[in-house]
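This report refers to the structure that appears directly beneath it.
The values are calculated or read from the model by the stated rules, or taken from the named source; none is laboratory data. Because the structure is predicted, anything quoted here is derived from the model rather than measured. Neighbour counts are summed over all protein chains in view; Cβ atoms, including those assigned to glycine, are modelled from backbone coordinates with ideal geometry.
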Amino acid sequence: MHQLYGTDDRNPLKAALVLPASLAVLDRVTPIYELPADASEGERRLALARWITRSDNPLTPRVLANRVWHYHFGTGIVDTPSDFGFLGGRPTHPELLDYLATRLLENGWHLKPLHREILLSRTYRQSAAYHIEAARTDKDARLLWRYPPRRLDAEQLRDTMLEVSGQLDRRMGGPGFRLYRFTQNNVSTYFPLDEPGPETYRRAVYHQNARASIVDVLNDFDLPDIAFAAPRRAQTTTPLQALTLLNHRFTLDMAAALAAQLTGSTTEKITAAYTRVLQRTPSVAECNAASDLIARYGLTAFCRALLNSNELMFLQ
Amino acid sequence: MKSPWAFAPAGRSGKMISTLLPHLAEQVDDMAFIHSMTSRTNTHGPGCTNMNTCFSREGFPSAGAWLSYALGSLNENLPTYIAIQDIRGEPPNGKANWGNGFLPAEHQGVTLAAQQSLRNLARPSSIGAAEDKATRAFLERINSEHAAMHPESDELRARMASYELAARMQLTPP
């Protein structure tokens, strides 16, 4: 490879030769390396991997530990997971981040012990209860005075709807499923499925994504463009989400499936639905309003509303 | 490499057009040319993406997404940015041509086509208008009570407002 600064690119021999080496700008983070120009591809990759994972390189375990934290709390200790440089965010708890990074090294880069330590912490297990005093200085709970409330991610939302309706297919492994069909002539054209059947009722992690496909429930709820690495997801609230969740066949099928599993008197059915979907029992007023709706339009209408509720969508 | 086919001046403007396109050459005076729009790719997909996003790689916001992001909307009943597809299907690289890239998802193009209006816009045929209205009223009620217990959360109210906008969109079919 040659360095071209406005040089004629048809004549690279005029340009300086670039040697395989670490980024000079990081020389104060971790020692640099340089390989001879004729080093094989394997040697180059190995040198890079060793440089990234050297035990005296603090950046790699910090970045990794921060991502694990980010996935559990919705925001990292550094809120720009892919940028720890000058344009990135400052850590809210720098000593905690270094502690987690050290633990990662002590555990031989195994992630499970790190997950366990985070999940068993008091910080993770605290409630999302609101305190006006704390909110006055830290509205978004970046300092974690409460567990930050969050909306379910696209995949979590879909899996949750399948689970509370008793439809989630828990089989592990095997070929994935698709929420689209496609035609191929000169280019592939993708069409979202209007009637996803039970063969698609597996966890979203088994969905076989295609770069050019659009999948209503997942894409509407901020599944990132899969052509692009996305360290953080956008969190939007749009009328398209409302239309999809109200009118898509998936919601109607889940509502009908949930309704079909409720037994007993109307009050018992309402209580069972609240327990499954919202993990609590309904108040008397809620029960009366639900009874009204059910008497006029049936259980499925009531289930359709519950599956659209904010209380299901947000973890408070 | 140089084109192996001849170019010849066409129309009153004398625009140079490939002799492979004799019929297009007749229309040349009614066409606008963007001479700055060039790319080094030689394939359809990246070329289309380049035309719409300035990058031949996927993952960057399209021109419409930038407009939606920068200018917002004058109309509270319709999406800010729609992509109208050719009746034969999507262009090469599909939704990357009207994607939001790294901008928030609300700025993505909403796809319409002659044979398919907005997805999920219409009330399902299995649900009557009165049932739909009653279901939404019940939803509005449980969401209001839930929001009242969390007065600090803007997100809960924003999501309720999005259901109201969705209802207005149903009354203003594009």
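Against the condition over 27 Å from A:Y201 (Cα atoms), within 12 Å of chain B (Cβ to nearest Cβ) and part of a loop (DSSP other than H, G, I, E, B), how does A:A135 come out, does it pass?
On the way: over 27 Å from A:Y201 (Cα atoms): yes; within 12 Å of chain B (Cβ to nearest Cβ): yes; part of a loop (DSSP other than H, G, I, E, B): no.
For A:A135, the condition - over 27 Å from A:Y201 (Cα atoms), within 12 Å of chain B (Cβ to nearest Cβ) and part of a loop (DSSP other than H, G, I, E, B) - is not met.
So, in region B:138-157, of the ones that are of a type in the set (A, V, I, L, M, F, W, C) and exposed (fewer than 13 other Cβ atoms within 10 Å of the Cβ), which residue ends up farthest from B:A122 (Cα to Cα)? Steps first, please.
First, the residues of region B:138-157 that are of a type in the set (A, V, I, L, M, F, W, C): B:138-139, B:142, B:147-149, B:156.
Retained after the next criterion (residues that are exposed (fewer than 13 other Cβ atoms within 10 Å of the Cβ)): B:148-149.
Working: B:A148: 30, B:M149: 32 Å.
The selected residue is B:M149.
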Report every pair of residues separated by at least 6 positions or lying on different chains whose Cβ atoms are under 6 Å apart, first residue within region A:163-189 and over 30 Å from B:T43 (Cα atoms), second outside any strand (DSSP E or B) and aliphatic (A, V, I, L, M).
A:V164/A:V277; A:S165/A:M254; A:S165/A:A257; A:S165/A:L258; A:Q167/A:A257; A:L168/A:L162
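Over 30 Å from A:A260 (Cα atoms), part of a helix (DSSP H, G or I) and aromatic (F, W, Y): is that true of A:Y124 in this structure?
Against the criterion (over 30 Å from A:A260 (Cα atoms), part of a helix (DSSP H, G or I) and aromatic (F, W, Y)), A:Y124 qualifies.
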Could you grab me the full set of residues in region B:27-46 that are touching a strand residue (DSSP E or B) at 6+ places or on another chain (Cβ under 9 Å) and part of a helix (DSSP H, G or I)?
B:V28, B:D29
In region B:52-107, residues that are at the interface with another protein chain (Cβ under 9 Å from one of its Cβ atoms), among the aromatic types (F, W, Y) and crowded, with 18+ Cβ neighbours inside 10 Å total 1
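Being part of a helix (DSSP H, G or I), among the charged types (D, E, K, R) and either free of Cβ contacts under 8 Å to residues at least 24 places away in the same chain or assigned by TED's automatic domain parsing to the domain that holds B:A63 (or both) is the requirement here; does B:R136 meet it? Steps first, answer last, please.
Working: part of a helix (DSSP H, G or I): yes; among the charged types (D, E, K, R): yes; either free of Cβ contacts under 8 Å to residues at least 24 places away in the same chain or assigned by TED's automatic domain parsing to the domain that holds B:A63 (or both): no.
The answer is no for B:R136.
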Take the residues in region A:307-316 that are out of contact with any Lys or Arg (no Cβ under 9 Å at 6 or more places or on another chain) and more than 7 Å from chain B (Cβ to nearest Cβ); name whichever of them is surrounded by the most Cβ atoms within 10 Å (Cβ to Cβ).
A:L307
Of all residues in region A:279-299 being facing chain B (nearest Cβ under 9 Å) and assigned to a helix (DSSP H, G or I), the one that is nearest to B:R136 (Cα to Cα):
A:L293
So for region B:84-92 (the condition being of a type in the set (G, A, S) and on the phi > 0 side of the Ramachandran plot), does at least one residue qualify?
yes
Only one of A:R203, A:R296 that is of a type in the set (K, R), more than 22 Å from B:L121 (Cβ to Cβ) and in contact with a Leu (Cβ under 9 Å, 6 or more places away or on another chain)
A:R203
Condition test on A:A212, is it buried (at least 17 other Cβ atoms within 10 Å of the Cβ), within 14 Å of another protein chain (Cβ to nearest Cβ) and within 19 Å of A:L306 (Cβ to Cβ)?
no
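Taking A:L143 as the residue in question, decide whether it is within 27 Å of A:L299 (Cβ to Cβ) and among the aliphatic types (A, V, I, L, M). Lay out the reasoning, then the answer.
Working: within 27 Å of A:L299 (Cβ to Cβ): no; among the aliphatic types (A, V, I, L, M): yes.
No, not satisfied.
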Please go through region A:62-121 and pick out each residue that is of a type outside the set (A, V, I, L, M, F, W, C), closer than 19 Å to A:R233 by Cβ and in a helix (DSSP H, G or I).
A:N66, A:R67, A:H70, A:Y71, A:H72
Can you report the number of residues in region B:115-154 which are in contact with a Lys or Arg (Cβ under 7 Å, 6 or more places away or on another chain) and charged (D, E, K, R)?
1
Being within 15 Å of A:M313 (Cα to Cα), more than 7 Å from chain A (Cβ to nearest Cβ) and in contact with a helix residue (DSSP H, G or I) (Cβ under 7 Å, 6 or more places away or on another chain), is that true of even one residue in region B:149-158?
yes
Would you check if there is a residue in region A:177-187 being crowded, with 19+ Cβ neighbours inside 10 Å and either modelled with pLDDT of 95 or more or facing chain B (nearest Cβ under 10 Å) (or both)?
no
Check region A:240-259 and report whether any residue there is β-branched (V, I, T), within 13 Å of chain B (Cβ to nearest Cβ) and assigned to a helix (DSSP H, G or I).
yes
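Looking at A:V29, A:V78 in this structure, which one is within 24 Å of A:L111 (Cα to Cα) and in contact with a His (Cβ under 9 Å, 6 or more places away or on another chain)?
Among A:V29, A:V78, only A:V78 is within 24 Å of A:L111 (Cα to Cα) and in contact with a His (Cβ under 9 Å, 6 or more places away or on another chain).
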Output the residues belonging to region A:110-133 that are modelled with pLDDT under 95, exposed (fewer than 14 other Cβ atoms within 10 Å of the Cβ) and more than 22 Å from the chain's Cα centre (by Cα).
A:A129, A:H131, A:I132, A:E133
